Amino acid sequence: MNLLKGQCLCSSVQYEIEGEPQLSFLCQCRQCQKITGTGHSAELVVSEKVVSIAGKLQGYEMKSDNGNTVVSQFCPTCGNPIYKKSAGFPSLLFFHAATLESPNIFNPQRVFWASSSQSWDFIDPELEVLQKMHKK
Ligand SMILES: [Zn+2]
Ligand SMILES: [Zn+2]
């Protein structure tokens with residue numbers, strides 16, 4: 001079975017994900033802009049059941065733009081955000097792709113919250129075309 005491994009900047013948090021992500025996406029909402037310090041987050045969605053985590057995380061609770069309570073879990077030592085959990089999707093975790101050991105496997109399929117995008121945040125136009133196709 002496919003095994004995805006990742007860790008935070010200081011390596012005190014390590015995780016493993018068994019199997020393929022259910023969805024990979026970019027999110028341009030304001031929360032993701034702040035969490036990542038740039039124009040969008042790059043996230044993979046996985047079932048909580050296939051994840052194992054070693055090390056201590058700290059959670060920050062916030063409201064997402066669509067009103068769900070979202071907890072951002074980050075490493076308290078280096079501050080690296082690892083994943084988010086939304087009350088709207090109780091059995092799923094949203095991992096930040098750049099924390100993967102091999103982030104090159106990330107292959108985004110969707111863009112969310114393009115309405116709050118920044119003019120300097122360039123998104124692959126092919127991906128936007130793909131998104132329009134999904135919406136049909
Ligand atoms: Zn860390
Ligand atoms: Zn977002």
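The values are calculated or read from the model by the stated rules, or taken from the named source; none is laboratory data. None of these values were measured; they are calculated from a predicted model. Heads up, the Cβs are rebuilt from the backbone with ideal geometry, glycines too, and the neighbour counts pull from every protein chain shown. Remember, those area values only see protein heavy atoms, side chains included, never the ligands or the DNA or RNA. Shrake-Rupley method; radii C 1.70, N 1.55, O 1.52, S 1.80 Å.
Structural remarks
- Spatial extent of segment 52-110: Rg and Dmax, with the Cα atoms as the point set, Å: 12.4, 33
- Solvent-accessible area, 1.4 Å probe, carbon plus sulfur percent, for the chain: 52 percent
- Each residue, Ser115 and Ser91, gets one label point 7 Å from its Cα in the Cβ direction; the gap between the two is 3.0 nm.
- Compared with the dominant principal axis of the Cα atoms in the chain, helix 125-135 is inclined by about 90°.
- Stretched out straight at 0.36 nm per residue, the stretch from Lys34 to Cys10 would grow longer than its current Cα-Cα span by 6.6 nm.
- Scalar couplings 3J(HN,Hα) for segment 88-101, obtained by applying the Karplus form with A = 6.51, B = -1.76, C = 1.60 to θ = phi - 60°, are x, 9, x, 9, 10, 10, 10, 7, 7, 4, 6, 7, 5, 5 Hz; x denotes Gly and Pro.
- Protection proxy ranking, highest mean first, for peptides 78-84, 7-13, 33-39: 78-84, 7-13, 33-39, where packing is the per-residue count of other beta-carbon atoms within 10 Å, averaged.
- Computed from the Cα positions only, the extents of segment 3-135 along the three principal axes stand at 39, 29, 27 Å, in decreasing order.
- All other residues whose Cβ lies under 10 angstrom from that of Gly6 are scored, Lys and Arg at +1 and Asp and Glu at -1, for a net of -1.
- Solvent exposure of the chain amounts to 58 Å² per residue of accessible area, where only protein heavy atoms count and the probe is 1.4 Å.
- Note: relative contact order over the chain, using C-alpha pairs below 8 Å and six or more positions apart, is 27 percent.
- Cα pair count fraction exceeding 14 Å, expressed as % - segment 1-69: 70 percent
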